[in-house]
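Enquirer: Sharing a structure, written as structure tokens. Questions coming.
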Amino acid sequence: MPQFCDVALPVPLDVVFTYRVPEDIQPVVGGRVLVPFRQQRLSGVVVELHDREPSVPGKNLIATLDSQPVLDDQLMQLGKWIADYYLAPLGEVFRSMLPLSAEFKRTISYRITEEGHETLHAAGVSGSSARSKKSPEDQLTEISVLDYLADGDSVQEAKLRSSLHASKSQLAGMVRKKWIVREDISNVRDAERFVKVAVLKNVEGKLNPNQQKLIETLAAAGGKLPIEKLRDLDIPRTTLSGLARRGLIAIVNEPAEFVFSGLKGRLPPLNFQFNAAQNSALEKIQESVDAANFAGILLHGITGSGKTAVYLAAMRSVLEAGRSAILLVPEIGLTPAMAADLRDVFADEVAILHSALSNKERAEQWHRIKRGEARMAVGTRSAVFAPVSNLALIIVDEEQDSSYKQEEMPRYHARDVAVMRAKMADATVVLGSATPSLESYFNAKKNKYSLLRLPDRVEQRPLPEVEIIDMRQEFQETGNEQVISRKLVAEIKDRLERKEQVMVLLNRRGYSPVVLCRTCGKTLECKNCAISLTHHKRSHRMECHYCGFIAPIPKACVHCGSEYVYFLGTGSEKLEELLHGMFPQARIGRLDRDTVHRQQDFERALNALNAGELDLLVGTQMIAKGHDIHGVTLVGVVGADTALGMPDFRAAERTFQLLTQVAGRAGRGGTPGKVVLQTYFPDHYAVQYASQRDFIGFYEKELRFRSWMHYPPYSALANVLVRSNKLDEALQWSGQLGQWFDKTRHEGIRVLGPAAAPIVRLKQDYRYHFVLKSASRGKLNTLLRAMLAYAAEQKIPRTQVIVDVDAIWLM
């Protein structure tokens, strides 16, 4: 065994760390190890084993977490590419790739020092701590902690906080005074999930009716059932414990199974009836997969054209060939519907990976894939790292969606990572969308990808009629600022009378987005962010949608004390209230982040609409994509064009995509649909092309603007954000970097800035940014690395300089 190993740790440093390998420990490249790092313990991934003596004395590894690699050679290579391309620390990349935090238990303990014993003795003599200037309550807590630790044993932080109500700040203060010592004893833990199961024993003696019912249920299930299922029976909970005390049943812990119930050992038949375009697309995807060489395919299919059926059939052919596939969906909300289809097609061969699962559930699903028990992986962006073997196909559904871009370190784009992983595996990657991103369509037109089209809806269903309502004219004719136009009201009334369903989109949460004082003209802003607080009427509070800050609803202006405070604008909550007033007999639901707190809430709302239990669904963009509700014949769009006023070069593209996607929810059943599109920009090309469903026309016009301004896809783009909670620091650092950019030769690279970010203060940080554009990704990457090196020389903390390569938002 080599003497040393290099370990990538999840810290914001662009280096790996060398540790000495003790004789009794055998790490493996791609496996995790537990190491000491400063005053704590961290788990990291081994990237190299060697015998090179480090320049400074190396610390010893503490333990190995894996006897076999958790990241194979291909995933290690992919992680290194992400770190290099997105300028991210390698350890942070590996942490994102491994959803195994449940297998590492963070534990902090404390023990008393000699000074602590002296302080405790002095307090016993004088009745208080002479050295402390804190309140009597804090002094009492400190003395209680010292007394608790007086026998010399190390005690866990959780115990001190629960038993003595000691806060983290109090314990940290005692450490600074050297009364106690903080120790990190984090280690491996068993992450296997267990469920309590009732097991039937020998039944003897008399049973009352409830006991008899429970015993019969157990017997019918083969003598064993999870307790949660038994609790669904209409019997008292004491019945179960009573039978256990008599020894008639046993309650035991068994490993939980987090798999789909399906047909084990065989797959159900496929029931899709494909049209000619679907068959042609499927054949070309299968040919590409069979060739076992890298291929990129853009599947451009209009809404309702049956893209999902093509995905599932292609994945099924991969599975039957003994290989594996990954399916990415942009949002957790789309996963249940997709998972139901996958369960029908793949039974227990599918695994789900997304952030709504608990840490233990994610780890369990990951290990199922790693062991080869599930060869089909589906999930949101992190599922691109699923450890499938013999990968043949990656499908990225709704490839244009911005949620594929990670907003935290590492800031990777899952679509682009999927393409790179497919290249490394000689696999096929399919990017599917009704409204492809300009970058992907540009690549297809340049023959970097093959372009497949699904131009018609399945079963020859007609596309919905689209009617544009000019809200400027509506104001002139009515004399009032209307949220819902007269035409949309009439259309909703007509659909409700015909027992058809309606969806109404307003892409803004809350009741009112702005609180304005008519006396001084100031708005009520978040104390942490330079953004207006949103009024939430139902929860009786003001809320910041960026940092989560909550404030009471003001009765007077917080700036001047005036009582003339007005709530302006309309959000989805207010729209729901207006529709209830207009249609009191209608069953109306709302779907936004305020009504969806758990995955079950999302599924419940969509299931109610699908089952006909709702007449009308109001929502934000959560209702715009991927949902196939056959009863919806009318879609109303209220204020979806507000993005056109944003300082964002992608504003037109986002508006076109959102309008096209939400319009696609109408008329997916047997009854033709209609879309009523309200706008203050009826002549804008994004609105016009969306109403005509003309992607090609929009693409060609938008592309001309992008070429003139040297924006993607004609150049690579990066956003460099400098932040600090001190304004003068943010200004100083951004000024230093600005001067460096001015002095540094960077031919072929445009540097814009420094300038205040569109949201200049966010989560207590002041923010200034640079926008860099270049036709050469290599030159851009080189300049950004040099900039980070200069920032390190100037002692600018790495965490305060954010580099976002291929930035989606310039906020």
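The values are calculated or read from the model by the stated rules, or taken from the named source; none is laboratory data. Keep in mind the model is a prediction, meaning the values are calculated, not measured. Note that we place each Cβ from the backbone using ideal geometry, even for glycine, and neighbour counts take in every protein chain shown. All accessible areas refer to the heavy atoms of the entire protein, side chains included, with ligands and DNA or RNA removed. Shrake-Rupley method; radii C 1.70, N 1.55, O 1.52, S 1.80 Å.
Enquirer: Tell me which aspartates and glutamates have Cα within less than 13 Å of Lys177's Cα, excluding those fewer than 8 residues away on the same chain?
Expert: Glu114, Glu115, Glu118, Glu142
Enquirer: How many Å² of accessible area per residue for the range 490-637, probe 1.4 Å?
Expert: 48 Å²
Enquirer: Let me ask something else about it. Using mean Cβ contacts within 10 Å as the protection proxy, how do 9-20, 295-306 order, highest first? Please list the in-between numbers first.
Expert: Working: 9-20: 17.4, 295-306: 22.8.
Answer by packing, highest mean first, reads 295-306, 9-20.
Enquirer: Sticking with this one: Binning at 5 Å from 0, report for the range 577-626 what percent of all alpha-carbon pair distances ends up in each bin.
Expert: 5, 20, 31, 25, 15, 4, 0
Enquirer: Additional query: Give the Rg/Rh ratio for the range 1-55, taking Rg as the radius of gyration of the Cα atoms and Rh as the Kirkwood radius, to two decimals.
Expert: Rounded to two decimals, Rg over Rh is 0.93.
Enquirer: I would also like to ask the following. Of the listed peptides 552-561, 110-119, 360-369, what is their order by residue-averaged count of other C-beta atoms within 10 Å, with the highest listed first?
Expert: For the peptides 552-561, 110-119, 360-369, the packing ranking is 360-369, 110-119, 552-561.
Enquirer: Separate question: Which of the peptides 148-161, 377-390 is most tightly packed, and how do the rest follow, going by the mean number of other Cβ atoms within 10 Å of each residue?
Expert: 377-390, 148-161
Enquirer: Take every Cα pair under 8 Å in the chain that's 6+ residues apart, average their separations, divide by the length, and report that relative contact order as a whole percent.
Expert: This gives 9 percent for the chain.
Enquirer: For a quick size check, give me the Cα extents of the range 474-522 along its three principal axes, largest first, whole Å.
Expert: Projected onto its principal axes, the Cα set of the range 474-522 covers 50, 28, 13 Å.
Enquirer: Of Leu810, Ile550, Ser288, which is farthest towards the positive pole of the chain's charge dipole, taken about the Cα centre with +1 and -1 on the beta-carbons of Lys, Arg and Asp, Glu respectively?
Expert: Ile550
Enquirer: Further question: Of all DSSP beta bridges in the chain, what percent run antiparallel (nearest 5)?
Expert: Percent antiparallel among DSSP bridges in the chain is about 55.
Enquirer: Using a simple spin-label model with points 7 Å from Cα along the Cα→Cβ vector, what separation in nm is obtained for Gln692 and Ala789?
Expert: In this crude label model, Gln692 to Ala789 measures out at 5.2 nm.
Enquirer: Quick one: which of Lys307/Lys448; Lys446/Lys625; Lys59/Lys405; Lys527/Lys555; Lys423/Lys779; Lys80/Lys370 span more than 26 angstrom between C-alpha atoms?
Expert: Lys446/Lys625; Lys59/Lys405
Enquirer: Within the chain, which cysteines find no other Cys whose Cβ is under 4.7 angstrom from their own?
Expert: Cysteines of the chain left without a disulfide-compatible partner: Cys5, Cys547.
Enquirer: Residues of the range 1-140: accessible area per residue at 1.4 Å, in Å²?
Expert: Working: 7040 Å² over 140 residues.
About 50 Å² of surface per residue is accessible.
Enquirer: For a bin width of 10 Å, list the pair-distance distribution of the chain built from all Cα-Cα distances, rounded to whole %.
Expert: Histogramming the chain at 10 Å steps yields 2, 10, 17, 22, 22, 15, 8, 3, 0, 0 percent.
Enquirer: Now for a separate question. Which ³J(HN,Hα) values in Hz, rounded to whole numbers, follow from the phi angles of the range 179-186 under the Karplus curve 6.51 cos²θ - 1.76 cosθ + 1.60, where θ = phi - 60° and Gly and Pro get x?
Expert: Computed from phi, the couplings for the range 179-186 are 7, 9, 10, 8, 10, 8, 10, 4 Hz.
Enquirer: Right, here's the next one. Run the Debye formula on the Cα coordinates of the range 634-752, all scatterers equal and no solvent, and tell me log10 I(q)/I(0) at q = 0.10, 0.12, 0.16, 0.23 1/Å.
Expert: Here log10 of I(q) over I(0) equals -0.50, -0.64, -0.86, -1.26.
Enquirer: Which far-off residues, 5 or more places away or on another chain, put their amide H under 5 Å from the one on Val618, with H placed in the peptide plane?
Expert: Counting only residues 5 or more places away or on other chains, the set is Val504, Gly589, Arg590, Leu591.
Enquirer: State the answer as a single residue: which of Ala220, Asn480, Ala652 lies farthest towards the positive end of the charge dipole of the chain, with beta carbon charges of +1 for Lys and Arg and -1 for Asp and Glu, about the Cα centre.
Expert: Asn480
Enquirer: Write down Rg/Rh for the range 369-487, rounded to two decimals, with Rg from the C-alpha atoms and Rh from the Kirkwood relation over Cα pairs.
Expert: 1.16
Enquirer: Using the Kirkwood radius over C-alpha pairs as Rh, can you work out the diffusion coefficient of the range 505-562 via Stokes-Einstein at 37 °C, viscosity 0.692 mPa s, in µm² per second?
Expert: 279 µm²/s
Enquirer: Where the accessible area of the chain is counted over protein heavy atoms with a 1.4 Å probe, how much of it, in %, is carbon and sulfur?
Expert: Ligands and nucleic acids excluded, carbon and sulfur reach 49 percent.
Enquirer: Now for a different question. Taking the C-alpha atoms of the range 303-441, how large are the radius of gyration and the largest Cα-Cα span, Dmax, in Å?
Expert: So, for the range 303-441, Rg and Dmax equal 13.9, 39 Å respectively.
Enquirer: Check the straight Cα-Cα distances from Lys229 and name the lysines below 28 Å, setting aside those fewer than 8 residues away within the same chain.
Expert: Lys196, Lys201, Lys206, Lys213, Lys264, Lys360
Enquirer: With the dipole of the chain worked out from charges on the C-beta (+1 for Lys and Arg, -1 for Asp and Glu) around the Cα centre, which of Gly152, Leu463, Val720 lies farthest toward the positive end?
Expert: Gly152
Enquirer: Here is a follow-up. Show which aspartates and glutamates lie in cross-link reach of Lys537 when reach means a straight Cα distance below 13 angstrom and same-chain residues fewer than eight apart are skipped.
Expert: Partners found: Glu573, Glu576, Glu577, Asp594.
Enquirer: Can you tell me the relative contact order of the range 701-811? Whole percent, Cα pairs under 8 Å, sequence separation 6 or more. The partial results should precede the final answer.
Expert: Details: 160 pairs, mean separation 42.1, N = 111.
38 percent.
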